[in-house]
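Accompanying notes for the structure given below.
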Amino acid sequence: MSVQLPLSSVATAAGTPPPSARRRRRPGRHHALSGWAYAAPTALFVLVLFVLPVLLVGQMSASDWPLLSGNQGVNFPDNFRDAVDNRFFWDSVVFTIKYTVIATVLLIGLGLGLALLVQESTHWKSFLRTAVLVPSALGLASASLLFYALYSPQVGPISPFLERLGIVDGPVSFLGSPDGALWSTVFLVVWRFAGFYMLLLMVGLQGIPHEVYEAARMDGASRWQTFSRVTLPLLRPSLALCTILCVTGSLLAFDQFYILTKGGPDNSTITVVQLIYNVAFQGQNDLGVAAALSIIVLGALVLINIAQIRGMRAPEEK
């Protein structure tokens, strides 16, 4: 008497997985291939627009590379020495740090205040959100051109308005002094980006459970205690993101200063990125030294971002 075994049992006994098992494995491979297919465009984008340019800048920084003559051979570390010895290098570093601190404090503080305001407000919530977010739709270069016209003592409306009010006796040159140029640019940046940081922090506030606030009220916590011991700790990830974005953007500031001040007056508002542009395309026309400056800036940004990420971690994560 012969016994008929199922096909799957025969296949298993012979050391071959049954067809059903093979069919179950195929979807896993299919999903893996689909994942690689979805990730490939982003990986290609990063490779072409970030990795390859960084490698090229690294090659330039170690080579004698005039703007019009091309690569003239390796001269490492001459470019880095010339970059640090540039007469505007340390002045641009100090000014960039000063601008970064001022812009970061104002943007994060104002963004958090606006986020709390629109979170609490009921009647004017939609109007406030729209009014604050509208400037974020304008490009930074366009906003800089707009404020350049507004600040102009000849055609701008601000100076004549102040004269009519009797606050000033004559035309005001907002960009004519180092402090005036700095604070005029800071005002532009705060006007342009406050809504963006308000939006990021508002999303973080909306992610805090209401039960936490109810428990704090039941424990008798005041508004300040609720803000300092509940809101701020739970808002730490959003604050960390805003701080990293703000510091990075401020350290790489170029458009607003190039359009408003051109580094003036008396080279008092030259940022590090503007110095790179000047070395590469104005005066020296030396791409090698400009690339060395770029590598220095990139290294500083990496170190600063690492320090920020570690500093903004919660105590239990350290």
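Taken together, the values in this text are just the output of simple stated rules run on the coordinates, not laboratory data. These numbers come from a predicted model, not from an experiment. Because the Cβ atoms are built from the backbone with ideal geometry, glycine has one as well, and the counts that use them run over all protein chains shown.
What whole number of Å gives the distance from the Cα centroid of region 80-144 to the Cα centroid of region 38-74?
If we compute the Cα centre of each part, the gap is 30 Å.
Rounding to the nearest 20 debye, state how big the charge dipole of region 203-318 is about its Cα centre with +1 on each Lys and Arg Cβ and -1 on each Asp and Glu Cβ.
220 debye
Percent relative contact order of region 128-258, based on C-alpha pairs within less than 8 angstrom and at least six residues apart?
28 percent
Sorted by mean Cβ packing within 10 Å, highest first, what order do the peptides 33-40, 299-306 take?
Sorting 33-40, 299-306 by mean packing, highest first, produces 299-306, 33-40.
In deg cm²/dmol, rounded to 500, what helix-only [θ] at 222 nm does the chain give when every DSSP H run of at least 4 residues adds -39500 (n - 2.57) and the total is split over its residues?
About -21500 deg cm²/dmol.
For the charge dipole of the chain, defined by +1 on Lys and Arg C-beta atoms and -1 on Asp and Glu C-beta atoms about the Cα centroid, which residue among Phe76, Phe50, Pro66 has the Cα displaced farthest towards the positive pole?
So the residue furthest toward the plus end is Phe50.
Just order 85-96, 48-59 by mean Cβ neighbour count inside 10 Å, highest at the front, would you?
So the peptides 85-96, 48-59, ranked by packing, come out 85-96, 48-59.
Using +1 at the C-beta of Lys and Arg and -1 at the C-beta of Asp and Glu, which of Phe257, Leu200, Phe174 has the Cα lying farthest in the positive direction of the dipole of the chain?
Value: Leu200.
Gain in length, Phe88 to Leu55, computed as 0.36 nm per residue apart minus the alpha-carbon separation, to one decimal in nm?
9.3 nm
Please identify, among Glu120, Glu211, Glu163, the residue showing maximal mean-square fluctuation in a Gaussian network model of the chain using a 10 angstrom Cα cutoff.
Glu211
So who's got an amide H within less than 5 Å of the one on Ser63, skipping anything under 5 residues away but keeping other chains? H placed 1.01 Å off N, in plane.
Those qualifying (amide H under 5 Å, at least 5 residues apart or on another chain) are Asn75.
Could you tell me the relative contact order of region 91-317? Use alpha-carbon pairs under 8 Å, at least six residues apart, and round to a whole percent.
29 percent
Dipole of the chain (Lys/Arg Cβ +1, Asp/Glu Cβ -1, origin at the Cα centre): which of Ala37, Leu165, Ile296 lies farthest to the positive side?
Value computed over the given set: Ala37.
Measuring from centroid to centroid over Cα atoms, what is the spacing of region 145-170 and region 189-219 in Å?
37 Å
Given the options Ser173, Ser228, Ser61, state which has the largest fluctuation in a GNM of the chain using a 10 Å cut-off (strictly under) for Cα springs.
Ser228
Can you give the FRET efficiency to the nearest 0.05 for Asn71 and Ile158, using r as the Cβ-Cβ distance and R₀ = 51 Å?
Here the calculated transfer efficiency is 0.55.
For the chain, give the magnitude of the charge dipole about the Cα centre (Cβ charges: +1 Lys/Arg, -1 Asp/Glu; no others), in debye to the nearest 20.
With only Lys, Arg, Asp and Glu charged at Cβ, the dipole is about 1720 debye.
Using the Cα atoms of region 91-317, I'd like the radius of gyration and the largest Cα-Cα distance, Dmax, both in angstrom.
Rg and Dmax of region 91-317, Cα atoms, are 20.7, 67 Å.
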